[in-house]
Amino acid sequence: MSELFTLPVLLGILYSGIRLATPYLYAAIGETFAQRSGVYNLGVEGIMLMGAYTAFYVASISGDLWLGLGAAAGVGAMLGLLMAFVSVTLRAEQGISGIGLHLFGLGLSTLLFKTTLGGVTSISGFQPVRIPFLADIPLLGDALFNHNLLVYVAFLLVPVANWVINDTTLGLKIRAVGQNPAAADSLGVSVGKIRYLTVTVGGVFAGIAGASLSIALINLFQENMTNGQGFIAVALVYFGGWRPWGVLGGAMLFSLVNALQLWIQVAGIELESDIAVMLPYLLTIVALAVAVRRAQQPAALSKPFERGEA
Amino acid sequence: MSEATSVVTRAAARSAWARRLQGWQGALVPVAAVVVALMIGAVVLVGLGADPVKAYSSMLEGAFGSVSGFTQTLVTATPLLLVGLGVTIAFRGGVINIGGEGQLIVGALAASAAALYLPLPGVLLLLAALIAGVLGGALWGAVPGALKAQLGVNEILSTIMMNQIAIQLANYLLRGPMIDPKEVEAGTRIAQSALLPADSWLVRLVPRTLLHGGSILALVMAVAVFFLLWRTTVGYRIRAVGLNPDAARYAGIPVKRYQMLALILGGAFAGLAGAVEVLGVQHRMLEGLSGGYGFSGIVAALFGKLHPLGLIPASVLFGGLLVGGDKMQRSVQVPDALIVALLGLVVLFVVGSDYIMRKRAAKAQSHE
Amino acid sequence: MNTFSTRIRWAAAAALLLAACAPAAAPTSAPVPTAEPQIIEVTRVVAGTPEVQVITATPPPAAPAETFRVAIVMPSSTTDMAFSQSMYEGLLAVQREMGGEGAMEIAYSEGMFSVPDAAAALRDYASQGYDLVIAHGSQYGTSLAQLAPEFPETSFAWGTALDTFQAQGVTNVFAYQAEAQQGGYVLGTIAALMSESGVIGISGPVEAGDAKLYVDGFKFGAESAKAGTKVNVSYTGSFSDVSLMAAAAETHVAAGADMLTGSSQSVVGAIGVAKDQGAYWFGTQWEQTFLAPEAVVASQVYDWTGIIKDMIASHQAGVLGGKSYTLTFKNGGLVIA
């Protein structure tokens, strides 16, 4: 075990953990907005895949990474709108419409990949940006401040989202709509509009989450490349108790343990590889089980709102 | 009978008729939703240079139009029905079980282990394997259940995580302790268990097809779940907890215990689905056995309006969609991804159209 | 490493045994169903001991009058840059050689991770009268063993595997296997000699089947080529987790590795890491050079064309199964590219 707790190894775990956490952060923060307003979108995975494909395709034909990122956000917004239409306007059962959205995104991104790209190619994605001074901090500097732009933005998103939800009028409305839509409605807040907004924003972030994989972290597109990350992101929202800081905690815990288990294997410690791979999933459950503070879920979560109903 | 009452009954009869008619028209809405989804698919098919008429006729034929196709639909519908029953019980109890996939895998592992290692003769071995599957799935449902009841851990989170843990557990067991000794001997090391003894196999119902006794078992189970939920105290309490936990608590029902029970029962049925797949179809445990039924079963359950009897046609229809979709892929040779995307559209449109149906039903009622 | 050395001993014994009965194992000797498992013409080449006999490929068929119809069911996709793509491209190459779609028809079903769906597809292709139905995944074997006796006119093939189910009286199944450890051994040797840090990182998907053979061969090759070479091995538990595969490669680099390799379709994530971090990559299953020409040293490519042609020729000669093929360097089935 001692070979695990050397400084370079711990810094390596930190570096990999931060990279692994990035797509989860985007997707889970976006989902937090949606769930805070009472809509539960299980289709994050499908939006991520469409975002990953779109970003990669647009960036590789235009040569412009920013255009790719914008396109991914746009596609995410469109799929978010679709989800909002189905779950808010048509008041569909949200779990199942999310699964439908997932299948749709998975199928469409693969089909487009096969017809437009034909095979796996790579791209030169967002390059690491060393932050002056901070990156020169001994030891920690390189692990924390030598990442690509999308990684920094993902982490900056956490305080911003926290501020929006807790300290702005919009945030108040979002929380009101998720907690007691009838009361919010009677105070003149448009439940539908707020939910449309949050689910669309959630879609944008899910699209960017996919883009962060295909044009910043992995720099290629392969079918089903998210491999279930969208579902984990949804789970992390529950882990975080619908609070951005909690989501950050969950994403980092999950990702750091994932980086750790790889180190356990690489260091040759006697542990079956499959058991090592289990660790992040196992520890996420355990951590939540022993956590002291537990948040109440938005009271109207997954309940479609109909004016005049109780 | 007085004049007045006869008028009332006649009016009631007429409105019942109207409602039935509305219901019949209502049933057309999801069909229309499917048709619209397929029409979008037809445009894509033409774009890919395939013949949409050939595609869809082979889809229909492949799912329902031939003995081999229809039996395959039933074989696929069987685990969907069983998983769907588990999802239904959980939903009725107010808990969301996304862990069908993991519960199915653990059920399949437990059933194979029982069939391989228990020294039981004849039909006893089959019974033991089925029970082991049920217990394995129940155990995998009990963990999120206990975590929710005792520690307030959200079940969506824990069931998603438990799915991944089950996959890795299967990886470990199938390449390690449970691996077929022949695979080690031959050096090919395929991750699968040994072939189960023939005593543990479910009987095949139609020669030259995979249709097996598990389908009948699933039907029986659907009826049993109906009775459990609507004819027993336990079922009544599960539904009461699901409808309104506060009222249930006020009425003296231990809410947490019944939520846990709902998750355990949900797991038990998914585990049974896993056992049935092993004992009826594959005759050994291997990677890829689950076929995504843990997720498809959720869709089937909601198509079936979370009613055990509604689930029977819903799982046959959804199974037919899966089987027919694959058949269509084979007949026009388009990428499988198109079928997946179409399936997603169908799901979205059907759940979306559900609201239109409900609205019509509400309108019909308000006209009375 | 215990299992690997026993494997070598076993394989060496098998090779001796085969050499002894080599004259009997002439090409396309009709398989006789016996109670004992009978493997014909298996070439068990052990890494580093290439003096083993080779499959004699039947000459390619002389312009068949009828269209030969092949169907393949595969778990991953035709564009996975790995196992599924290698076989699909092999089929396309044979098709070109035979004279295009008129001479050979190819039908495919991809993305069949679900074994029940794959079984249904295999059954359907067989009932549509395809001459050769290929189940391209070890996990499909059980379904195939149930299915094959019902379609005695059809030839089936599956892999990676060695068992043609002759012990169960099945005569129309071919089996094929890639001796992935051979290329692993060779590439491992090169890696060890190239490595400056003396550390090599291997990331596999699941510790079983073809991937395990490759990983063990690579490790063995590297360790025997240069004493003191440190080989670190990790698995991601998934064939498709690109992100975790990339993180595994990062971890190997951080642990000092300058030579990396891995198996499954998810390695594309790791190749990018090798490129970015200035490490070298060794590929397997399919040609992976063009993803990062500056980083990929070599790939072990599975060339199934010889086996496909021999199966077609055997089928046309009336031998519908019973042969067990292996891809080796000697028979040209494994190519370093």
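The values are calculated or read from the model by the stated rules, or taken from the named source; none is laboratory data. Nothing here was measured: the structure is a model prediction, and the numbers come from that model. Quick reminder, even Gly has a Cβ in these numbers, built from the backbone with ideal geometry, and neighbours come from all protein chains shown. What goes into the accessible areas is simple: the full protein's heavy atoms, side chains included, and nothing from ligands, DNA or RNA. Shrake-Rupley method; radii C 1.70, N 1.55, O 1.52, S 1.80 Å.
Observations, loosely collected:
Rundown of residues vs (1) in contact (Cβ under 8 Å) with a residue 12 or more places away in the chain; (2) open to solvent by less than 10 Å² (accessible area, probe 1.4 Å); (3) of a type outside the set (V, I, T); (4) more than 10 Å from chain A (Cβ to nearest Cβ), yes/no style:
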position	(1), (2), (3), (4)
C:T236	yes, yes, no, no
C:V242	yes, yes, no, no
C:G256	yes, no, yes, no
C:S264	yes, yes, yes, yes
C:D276	no, no, yes, no
C:Q288	yes, yes, yes, no
C:E294	yes, no, yes, yes
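Quick grid of which residues meet (1) among the hydroxyl-bearing types (S, T, Y); (2) closer than 26 Å to C:L291 by Cβ:
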| position | (1), (2) |
| --- | --- |
| A:Q35 | no, no |
| A:M78 | no, no |
| A:L81 | no, no |
| A:R91 | no, no |
| A:L117 | no, yes |
| A:T121 | yes, yes |
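- Strands (runs of 3 or more DSSP E) fully within segment C:140-253 that include at least 1 residues being among the basic types (K, R): C:230-235.
- Test for B:V276: is it of a type in the set (V, I, T), in contact (Cβ under 8 Å) with a residue 12 or more places away in the chain and farther than 20 Å from B:G100 by Cβ: no
- Residue within segment B:194-203 that is surrounded by fewer than 19 Cβ atoms within 10 Å (Cβ to Cβ), polar (S, T, N, Q) and part of a helix (DSSP H, G or I) present: no
- Test: residue in segment A:10-31 that is in contact (Cβ under 8 Å) with a residue 40 or more places away in the chain and more than 22 Å from A:A233 (Cα to Cα): yes
- A:A28 being more than 14 Å from chain C (Cβ to nearest Cβ), touching a Phe, Trp or Tyr at 6+ places or on another chain (Cβ under 8 Å) and not β-branched (V, I, T): no
- Of the residues making up segment B:143-166, those that are over 19 Å from the mean Cα position of the chain (by Cα) and among the hydrophobic types (A, V, I, L, M, F, W, C) are B:V143, B:A146, B:L147, B:A149, B:L151, B:V153, B:L157, B:M161, B:I165.
- Candidates B:A108, B:A63, B:A50, B:A77, filtered to the one that is assigned to a loop (DSSP other than H, G, I, E, B) and within 14 Å of chain C (Cβ to nearest Cβ): B:A50
- For segment C:133-171, the set of residues classified as within 20 Å of C:T305 (Cα to Cα) and either surrounded by fewer than 24 Cβ atoms within 10 Å (Cβ to Cβ) or within 11 Å of chain B (Cβ to nearest Cβ) (or both) consists of C:G137, C:S138, C:W158, C:G159, C:T160, C:A161, C:L162, listed by residue number.
- Filter result (at positive phi and either within 12 Å of chain C (Cβ to nearest Cβ) or touching a Cys at 6+ places or on another chain (Cβ under 8 Å) (or both)) within segment A:120-151: none
- Restricting C:G102, C:G90 to residues that are over 21 Å from B:R208 (Cβ atoms), more than 13 Å from chain B (Cβ to nearest Cβ) and at pLDDT 95 or above narrows the list to C:G90.
- Index of the failed condition, B:L127 passing every other in (1) buried (at least 21 other Cβ atoms within 10 Å of the Cβ); (2) assigned to a helix (DSSP H, G or I); (3) not aromatic (F, W, Y): (1)
- Residue within segment B:311-329 that is free of Cβ contacts under 8 Å to residues at least 12 places away in the same chain and crowded, with 24+ Cβ neighbours inside 10 Å present: yes
- Taking segment A:27-121 as the region of interest, the helices (runs of 4 or more DSSP H) fully inside it that hold 3 or more residues being open to solvent by less than 20 Å² (accessible area, probe 1.4 Å) and hydroxyl-bearing (S, T, Y) are A:94-112.
- Condition met for C:A121 (in contact (Cβ under 8 Å) with a residue 12 or more places away in the chain and either open to solvent by 10 Å² or more (accessible area, probe 1.4 Å) or assigned to a strand (DSSP E or B) (or both)): no
- Exactly one residue out of B:A248, B:A300 is over 30 Å from C:V206 (Cα atoms), open to solvent by less than 10 Å² (accessible area, probe 1.4 Å) and over 13 Å from the mean Cα position of the chain (by Cα), and it is B:A248.
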